[in-house]
1. Please determine, by comparing only the residues of the range 113-147 that are of a type in the set (Ser, Thr, Tyr) and touching a residue at least 40 places away in the same chain (Cβ under 8 Å), which one is nearest to Ser76 (Cα to Cα).
2. Please work out which one of (1) surrounded by fewer than 16 Cβ atoms within 10 Å (Cβ to Cβ); (2) touching a helix residue (DSSP H, G or I) at 6+ places or on another chain (Cβ under 9 Å) is the condition Ile121 fails and give its number.
3. In this structure, does Gly97 turn out to be out of contact with any Cys (no Cβ under 6 Å at 6 or more places or on another chain), farther than 30 Å from Thr178 by Cα and either crowded, with 17+ Cβ neighbours inside 10 Å or modelled with pLDDT of 95 or more (or both)?
4. Out of the range 212-238, which residues are in contact with a Ser or Thr (Cβ under 6 Å, 6 or more places away or on another chain) and not in a strand (DSSP E or B)?
5. Among the residues of the range 299-347, which ones are in contact (Cβ under 8 Å) with a residue 24 or more places away in the chain and assigned to a loop (DSSP other than H, G, I, E, B)?
Amino acid sequence: MKKAIVSLMLAMGFMTASAQEQQPQTENVFNPHWFVQVQGGAQYTLGELSFGDLISPNVQVSGGYNFTDLFGLRLSVNAWQSKAGGTYNIFNYEGDGYEYSWKWNYINPNVDAILNISNLIAGYNPNRLFNVSAFVGVGANIAFNNGEAKDVRAQIISNYGNAPAQSQAVLAKYWEGTKTFFTGRAGIMGDFRITDNWSVGLELNATVLADSYNSKDASTGDWYFNGLIGVKYAFGKTNTTREKAPCCEPEIRYVEKIVEKIVEKEVPVEVVKEVVVEPIRRDVFFALNSTKVTDAEMVKIKEIADYLKANPNAKVSVLAHADKGTGTASINKRISEKRAKVVTDYLINKFGISTDRISSEAFGDIEQPFSDNSMNRVCICIAK
């Protein structure tokens, strides 16, 4: 008899892409570094004249350090020239009338905190063509050479000398010599990548400072705006390449393989042992004309009884004889019957064998089982 058995799990882990050896993935790692920057451009100082009349040259030199791919600090020196102007007449010292303008010089060191917007939004990529950054900073504007403002003020006062009240209000916050103004500024810059170390950039920034910067009294802060273009150089190796650490363990798939094993089941065969009861025979001998069982012959009767007890289905036949050489046929018949009864009684009464398991027959001298006449005085007991 055959039976399909055993569905076993064979846990064979293999990586999803392990049919071929995977190439290691790499990533670019930002290296903190120093940089320098040189820029040139123009400044527009907020005022009452036309836009073109308030444009002046501007330069900026900077040095800084990028701590991460997002944050950096920059020390910059912005300098050159600022302009201001207005229109004046006798009745309204600032309004319709003659236009006047003047310029002066300054040096404006600043400390700027820089945030790389591109890396913040899209992640670090040293090969990105264009990066946008924003910055805020504080500084000090050291202004000087304000002589043109002095000349304009004198000319206006001279022209409207007959209106002293108005003339005295012209350039009411005029200053001379060197004057320092605390500044705050913010801006945005974009850098076009040339190599890992070189880039070309455009910068726009706005600076606010005290009202007296342009020598005029407007009761609000003064503003100027710079537009700059320049080059930047980063020192050293700005990034390195390393093998990318896996974000997770390789996916392992377990394939359940069903193995069907055909086995032959040994069916226990019920062995019906046929109990073959070997028959036993015991010959119980008697003396001449006697039915007495001696001790030696009693042992034989006991062996027949033991056999019957060991084999519950066995039965015994007691076959009694008498010798033909002595007595008559009737005497021999009678004595063989007595001999059969004696043996049967011993089996029943002495050894407890049931009567239904015993059969007996007396032959007299009709049958002579032995050739020796004396041996025919016998009960042949056959148990089977």
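1. First pass over the range 113-147, keeping only residues of a type in the set (Ser, Thr, Tyr): 118, 124, 133.
With touching a residue at least 40 places away in the same chain (Cβ under 8 Å) added as a condition, the list becomes 124, 133.
Numbers: Tyr124: 25, Ser133: 16 Å.
Checked the range 113-147; the qualifying residue nearest to Ser76 (Cα to Cα) is Ser133.
2. Condition (2) is where Ile121 drops out.
3. yes
4. First, the residues of the range 212-238 that are in contact with a Ser or Thr (Cβ under 6 Å, 6 or more places away or on another chain): 224, 232.
Of everything in the range 212-238, nothing turns out to be in contact with a Ser or Thr (Cβ under 6 Å, 6 or more places away or on another chain) and not in a strand (DSSP E or B).
5. Asn311, Asn313, Ala314, Lys315, His321, Ala322, Asp323, Lys324, Gly325, Thr326, Gly327
The values are calculated or read from the model by the stated rules, or taken from the named source; none is laboratory data. These numbers were taken from a predicted model, which means no experiment stands behind them. Glycine gets a Cβ as well: all are built from the backbone with ideal geometry, and neighbour counts include every protein chain shown.
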